[in-house]
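See below for the structure under consideration.
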Amino acid sequence: MPGLRAPSDYSEEPPRHPSLKINAKEPFNAEPPRSALILSYITPVDMFYKRNHGPIPIIDDIESYRVSINGLVENPIQLSMDDIRKLPKYNVTATLQCAGNRRTAMSKTRTVKGVGWDVAALGNATWGGAKLSDVLELVGICELTSVSSLGGKHVEFTSVDRCKEENGGPYKASIPLGRATNPDADVLLAYEMNGEVINRDHGYPLRVVVPGIIGARSVKWLDSISIIAEECQGFFMQRDYKMFPPSVNWENINWATRRPQMDFPVQCAICSLEDMSVVKQGKISICGYAVSGGGRGIERVDVSVDGGKTWMEAYKYQKSGVPYVPEDTSSDKWAWVLFKVEADILPNAEIIAKAVDTAANVQPENVDVIWNLRGILNTSWHRVHVRDASQVAHSNL
Ligand code: MTE
């Protein structure tokens, strides 16, 4: 594609914030310290996790950039950034979460394959751009169509980055046509992140944002959008980002038995404490995030400071100072909530957080029961152990 090119090596990577924790250098995969996530409802761009499968594409000439809309459509078109900007612009605040968030904790049960992530492979941003449903209308596909007149049932997004999993080919993924043509699903072709032009790491000049589903479907550096009859056959749809039961291992795996993961399940994590932090006995604030997929809000966050014997309900908010009410029109339905609770800590406490979404979905108590060989969707109760400052001081004498 003229204008957008994929470097073959990592010599042209963009600058990044020094406090990101780098989980893999090439391709660049990094997350902020967990404590950074709860400093603001909107995650600053430089503190937003970065998940890549190849070198970051680069634009030599934005004027010549075009995204093609093709496949099973009567009249394929190519759109420039000017064409996209002329469409109605929407700002959607949505949490993007990698399916591998909290993978490191899952690999403590049994080894899993994949980049190790702590609890910060997610972020909450305001994405600005055109709705995919408006773009598809330009090629004659109307709102709320789930099968197009030419038999299209899926919308495939293809990038330009070179991924080893695709044998040097580009990253791609698809979503069902019915979601793409539903204006209420808020699927965006985003050119802004937090009010600024989206940067290279996050998909400049144009990326897809599919709110409420795993980040893997929100394709960055968009090259083409194709209407296709069957779901995308790319690696990241067919041989990755699928949820298997604990009985499946690398010897007996049959990828075809599972569907590509879409919605993410209810999730939460404590961000104000690292595991094994040293705290003084007494009152402390326990803060973190909770989020669910599919536009389901958060009904409740329960926190325990005695390993699950007793529970307290946490205060939840999106905009600071305003209590969060799920399904209230002023709440952001695709976004996380932050939670906070004050509690008295006893020596060597195990602190736990678990969330319930508006469909009453709960998180599994233990990670073992959802262990899967790729280490995705670790949504087990989040536990941190704290050590008592006075005891640590004694043991250091
Ligand atoms: N798009 C392209 N072209 N290449 C990628 O490697 N990674 C996907 C998705 N889109 C990816 C991509 C994955 S797995 C995730 S979780 C999100 O982008 C991460 O988006 P971010 O780096 O903007 O946080």
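For the reader, a short list of remarks on this structure follows.
- Structural descriptor for the chain: relative contact order 17 percent, calculated from alpha carbon pairs under 8 angstrom and at least 6 residues apart.
- Label reach from LYS86 (point 7 Å along Cα→C-beta): in segment 139-156, amide nitrogens under 19 Å belong to 139-141.
- Between VAL362 and GLU12, the contour length at 0.36 nm per residue exceeds the Cα-Cα span by 121.7 nm.
- Links that overshoot a 19 Å alpha carbon limit, given the list LYS153/LYS220; LYS172/LYS242; LYS113/LYS172: LYS153/LYS220; LYS113/LYS172
- Accessible surface for segment 1-146, divided over its residues, is 42 Å² per residue with a 1.4 Å probe.
- A DSSP coil position with no more than 14 other Cβ atoms inside 10 Å describes the following trypsin sites (Lys or Arg not before Pro) in segment 278-363: LYS280, LYS309, LYS319.
- The 3J(HN,Hα) values that the Karplus relation (6.51, -1.76, 1.60; θ = phi - 60°) gives for segment 7-23 are, in residue order, x, 8, 9, 9, 7, 10, 6, x, x, 10, 5, x, 8, 5, 8, 8, 8 Hz. Gly and Pro appear as x.
- When the alpha-carbon atoms of the chain are used, the pair Rg, Dmax equals 21.5, 78 angstrom.
- Structural descriptor for segment 275-397: relative contact order 35 percent, calculated from alpha carbon pairs under 8 angstrom and at least 6 residues apart.
- Here's how it looks for MET193: its modeled amide H is under 5 Å from those of GLY128, ILE198, which are all 5 or more places away or on a different chain.
- Residue among ALA353, ALA290, ALA24 with the largest mean-square fluctuation in a Gaussian network model of the chain, springs linking Cα atoms under 10 Å: ALA24
- The spacing between segment 79-155 and segment 1-41, judged by their C-alpha centroids, is 18 Å.
- Our compactness index for segment 14-83, the C-alpha radius of gyration over the empirical 2.2 N^0.38 Å, is 1.58.
- Segments 201-208, 61-68, 43-50 sorted - mean Cβ within 10 Å per residue, highest first: 201-208, 43-50, 61-68
- A DSSP coil position with no more than 13 other Cβ atoms inside 10 Å describes the following GluC sites (Glu not before Pro) in segment 259-341: GLU327.
- 15 Å tail of the calculated P(r), segment 311-372, as % of Cα pairs: 64
- Considering only THR95, MET106, ASN29, and ranking their Cα positions along the charge dipole of the chain that arises from unit charges at the beta-carbon of Lys, Arg, Asp and Glu, the one farthest toward the positive end is MET106.
- Residue-averaged 222 nm ellipticity for the chain, from DSSP H runs of 4+ at -39500 (n - 2.57), nearest 500: -1500 deg cm²/dmol
- Segment 47-198 - percent relative contact order, Cα under 8 Å, separation 6 or more: 25
- By the rule of a C-alpha distance below 20 Å, with chain neighbours fewer than 8 residues away ignored, the aspartates and glutamates paired with LYS316 are GLU299, ASP302, GLU327, ASP328, ASP332, GLU342, ASP344, ASP357.
The values are calculated or read from the model by the stated rules, or taken from the named source; none is laboratory data. These numbers were taken from a predicted model, which means no experiment stands behind them. Glycine gets a Cβ as well: all are built from the backbone with ideal geometry, and neighbour counts include every protein chain shown. In case anyone asks, the SASA skips ligands and DNA or RNA and just uses the protein heavy atoms, side chains included. Shrake-Rupley method; radii C 1.70, N 1.55, O 1.52, S 1.80 Å.
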